[in-house]
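The block underneath contains the structure these notes are about, expressed in structure tokens.
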Amino acid sequence: MVSTALSSILWIAAAADPAALARTPQMKAALDYAKRIEPEIIAEQRRVCEIAAPSHKEQKRGAEFKKIFESLGLKNVRIDEAGNVIGERPGKSARPNLLVAAHLDTVFEEFVGLKTSQTGNIITGPGIGDDCRGLAVLISMIRSLNAGKVETNGTLTFTANVGEEGLGDLKGVKHLFNHSLKGKVDAFISIDGAGLRITRISVGSYRYRLAYKGPGGHSFGSFGVANPMHALGRAIAKIGDFDVPDHPKTTFNVGRVGGGTSVNSIAFEAWAEVDMRSSDPKSLNNLDERFKSAIYQALNEENKRWKDKGKISVDLKMIGNRPAGEMPVNSPLVQTALSVSKALGFESSMGEGSTDANYPQSLNIPAITIGGGGRGEGAHTPEESFDITDSWKGSQRALLLAVALVN
């Protein structure tokens, strides 16, 4: 039996020539349609972006995408246990099966105003590019395939998935590949954000919540007991002094801190959330070891400082684990993506990032992430913007790539 990874490589290597495919009457009609309906797709991009979808609370936006998938004629449309919306466009055969994804969730809480506005070619609104643009491209792809009456040899499965951002920890794609679509996907494309970049290198990350805990007490009356807040300060100072390599780029960040009761109370708990990243698993694991050593050194130093009076402890919990990975430049999937861009007459840059493609790559399933066209600024801020100039190129690129891979 040929392994999934090997069989995927074989069929991608035999994928249809994008330039020849683009000249066929059906595909040409679909590509022309994708460009023509871009104003309608932009309107959909704004509409879905105004439906709140924080990580772990994507239900409203997910329900809307279930309706959209059904209205566009996808088969077996359903919402799985994790909240992923899944729909299929069957080909002549069930395999190969390409999974095309865009994530539902945003980094913004429900109370953040999600109203979008447009001035000229610039649309502004939280999440308008990341990843409302990817979601809009899914709609464009399906509509264009239908308009061009494009038939495929293999099957296209579409998903609007949950849990890509922050502490979502790739919950959606992990569930897809471990449960809902386990063993049924031959390759994966995520459409995430703006631009025309191909993300082939997956930046891995470890995320932790650490909490120092102790007896606490009055700042004057109990003075002399070990202080969780002081231990946290020691730990953060040690983390801040880490030396990390530039190549492969390896990073660390203390993103959130909290704890304490009042200015005149010794904290009984002090906590922090820490993010560490690298595209190289070895570098990430090395940083992880140094991080753990630092937090226990801080614990011991704080206890020793007060001669073990009112000793404190530390609780360490991993809250995020994104595997690192890479699709080589010469891999059939990356080469097909580059050939598609060339066939459409534009260049695509390549880069690295942390996206839904991390997880299938860790399973040796060919996977990349592509931008949805246009230009984005200010991702993860309330002032995020999306420039619609020539944004249809992203829709066309995703459309031709998907069809090339299953023909």
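Where a number appears in this text, it was derived from the coordinates with a stated rule and is not lab data. Please read these numbers as outputs of a predicted model, since none were measured by experiment. Every residue, glycine as well, gets a Cβ built from its backbone with ideal geometry; the counts of neighbours run over all protein chains shown.
Worth pointing out:
- Screening Asp356 with (1) charged (D, E, K, R); (2) assigned to a helix (DSSP H, G or I); (3) crowded, with 21+ Cβ neighbours inside 10 Å gives one miss only, at (2).
- Scan of the range 232-285 for residues that are polar (S, T, N, Q) and buried (at least 17 other Cβ atoms within 10 Å of the Cβ), ordered by number: Thr250, Ser278, Ser279, Ser283
- Failed item in (1) under 21 Å from Gly193 (Cβ atoms); (2) of a type in the set (Gly, Ala, Ser); (3) in contact (Cβ under 8 Å) with a residue 60 or more places away in the chain, with Ser117 passing the rest: (3)
- Scanning the range 95-121 for residues that are farther than 22 Å from Ile51 by Cα and surrounded by fewer than 11 Cβ atoms within 10 Å (Cβ to Cβ) returns a single hit, Gly120.
- Looking only at residues in the range 286-335 that are of a type in the set (Ser, Thr, Tyr) and in a helix (DSSP H, G or I), the one that is nearest to the chain's Cα centre (by Cα) is Ser293.
- Test: residue in the range 34-53 that is touching a helix residue (DSSP H, G or I) at 6+ places or on another chain (Cβ under 7 Å), among the aliphatic types (A, V, I, L, M) and without any contact (Cβ under 8 Å) to a residue 40 or more places away in the chain: no
- Residue within the range 302-312 that is farther than 24 Å from Leu170 by Cβ, surrounded by 18 or more Cβ atoms within 10 Å (Cβ to Cβ) and not β-branched (Val, Ile, Thr) present: yes
- Counting only strands (runs of 3 or more DSSP E) that sit completely within the range 181-246, those holding 2 or more residues that are touching a Pro at 6+ places or on another chain (Cβ under 6 Å) and in contact (Cβ under 8 Å) with a residue 60 or more places away in the chain correspond to 187-191, 204-213.
- Inter-residue pairs, beta-carbon under 8 Å, first within 19 Å of Lys238 (Cβ to Cβ) and in the range 294-311, second in a helix (DSSP H, G or I) and among the β-branched types (Val, Ile, Thr), 6+ apart: Ala294/Ile239
- Just one residue in the set Leu176, Leu167 is assigned to a helix (DSSP H, G or I) and more than 19 Å from Ala398 (Cβ to Cβ); that residue is Leu167.
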